[in-house]
Amino acid sequence: MSVAQEFTKGLWKEIPPFRLVLGLCPTLAVTTAAKNGIGMGLATTFVLVCSNLLISILRNVIPKKVRIAAYIVVIASFVVIVELTMQAYFYPLYKILGIFIPLIVVNCIILGRAEAFASKNSVIPSIADGLGMGLGFTLSLTLLGAIREILGNGTVFGIHIMWESFKPFSIMLKPPGAFICLGLILTLMNWVSSRQRSH
Amino acid sequence: MVFVLTAICAISALVLAYANKATRAAREYQLLKYVEEPSIREVLKGYDNDPIKDRVEMFIGRDNKGKPIRETIFPAKKNGKLIGMAYSTEGHGYHGTIEVMVGVDMNGTITGISIMQHSETPGLGARVVEPKFRDQFKGLKLSGDLNLSTEGGKIDGVSGATYSSKGVVSAVRKALELFPRAKKEVS
């Protein structure tokens, strides 16, 4: 596969939360607003790109037996850097995302890409893979956040867009709303791909 | 195997120590900005500077382990002229400590108080955060008036919550006792 294909596969064919169904914990928990989705997605993208890059460089140095431990140390270091940076410059967002920033360490997408891709490929494709997967994750989280924010609060990115008499469904901002929304998007995506296949 | 893992951990520790140091000042500023500034705005009016940026650390003594205790003073300025200051002190409530932000003008008169942290009983002691109780402190100085009405002062305690009310009063008194030194420190 070419570098461009490594990048674009993360945006549709293997888009993380919907196709690989990985990283669902932050997907469900922080997507109460579109802005939170973008923040979480970009933080994850940064960690994903950096850890893919470093693990790909070190792939011939790290012994097979301790590879998972080594990956986790690399990933955790980048997560702490992201956490400190957010605390220093984006404090309100840091407060909202809270525990889910340190939990990026155990996000399956990141360890998954390190193990399945970066440890077997050279640097450039690994960066492309990380960037594609990260942006796919960001898009998914923003979409989910936008849908929940529109239906649950009548706003998107904090701007009121629904008509005056619209009554928000407050369930959309609660955990069940996340499951309902995710389920509907998965259905839609599977329906679209099955139609594509039958043609 | 052991060597590689050790090396990775050591490098990671170095990088993180550096990141921690590089972001410390910015993180402290943000924390004060979002945690303390709402309280400062509540107790001081009409300033146009950034009290967080202009903050002054004052040495007020040592604890029983010999570590220095510091008080952070937030000066309020208007057109460059000092008009007051705010700082927080603690008093003992019914359940643990009550942290109070006290705003004082340059004559030592209270401009307002705000309860920053407490763990008092909800519905009883927790009512010290209500403006009805807090507003009684406005305009008072360090004098006999600054006491609960049962002790000859001018402040009516929250009914059924004498300990919590006393805790707030003692924190405010403590703040005003520090005022002469704080004034010297910031001007």
inquiry  = Being among the small types (G, A, S) and surrounded by 23 or more Cβ atoms within 10 Å (Cβ to Cβ) is the requirement here; does B:G125 meet it?
reply    = yes
query = Just one of A:K35, A:K9 is open to solvent by less than 30 Å² (accessible area, probe 1.4 Å) and away from every other protein chain (no Cβ under 14 Å); which is it?
reply = A:K9
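Here is a yes/no grid of residues against (1) of a type in the set (A, V, I, L, M); (2) out of contact with any helix residue (DSSP H, G or I) (no Cβ under 6 Å at 6 or more places or on another chain); (3) surrounded by 19 or more Cβ atoms within 10 Å (Cβ to Cβ); (4) closer than 18 Å to B:K45 by Cα:
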{"site": "B:P75", "(1), (2), (3), (4)": "no, no, yes, yes"}
{"site": "B:T97", "(1), (2), (3), (4)": "no, yes, no, no"}
{"site": "B:I110", "(1), (2), (3), (4)": "yes, no, yes, yes"}
{"site": "B:D135", "(1), (2), (3), (4)": "no, yes, no, yes"}
{"site": "B:K138", "(1), (2), (3), (4)": "no, yes, no, yes"}
{"site": "B:E151", "(1), (2), (3), (4)": "no, yes, no, no"}
{"site": "B:L176", "(1), (2), (3), (4)": "yes, yes, yes, no"}
task = Enumerate the pairs (first residue in segment B:38-55 and closer than 15 Å to B:V102 by Cβ and in contact (Cβ under 8 Å) with a residue 12 or more places away in the chain; second residue anywhere and of a type outside the set (F, W, Y) and part of a helix (DSSP H, G or I)) with beta-carbon separation below 6 Å, excluding pairs fewer than 6 apart on the same chain, so at least 6 apart or on different chains.
result = B:P51/B:I40
query = If you go through segment A:1-19, how many residues are touching a residue at least 60 places away in the same chain (Cβ under 8 Å) and polar (S, T, N, Q)?
reply = 1
key: Members of segment A:46-73 found to be more than 21 Å from A:I127 (Cα to Cα) and either among the polar types (S, T, N, Q) or not in a helix (DSSP H, G or I) (or both), listed by number   = A:P63
request  = State whether the residues of segment A:74-82 include one that is under 21 Å from A:L22 (Cα atoms), within 14 Å of another protein chain (Cβ to nearest Cβ), part of a helix (DSSP H, G or I) and over 17 Å from the mean Cα position of the chain (by Cα).
outcome  = yes
task = Name the single residue, out of those in segment A:83-104 being surrounded by fewer than 20 Cβ atoms within 10 Å (Cβ to Cβ) and in contact (Cβ under 8 Å) with a residue 24 or more places away in the chain, that is nearest to the other protein chains (Cβ to nearest Cβ).
result = A:F90
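The values are calculated or read from the model by the stated rules, or taken from the named source; none is laboratory data. These figures come from a predicted structure and were not determined experimentally. For neighbour counting, all protein chains shown are included, and Cβ atoms are generated from backbone atoms with ideal geometry for every residue, glycine included. In case anyone asks, the SASA skips ligands and DNA or RNA and just uses the protein heavy atoms, side chains included. Shrake-Rupley method; radii C 1.70, N 1.55, O 1.52, S 1.80 Å.
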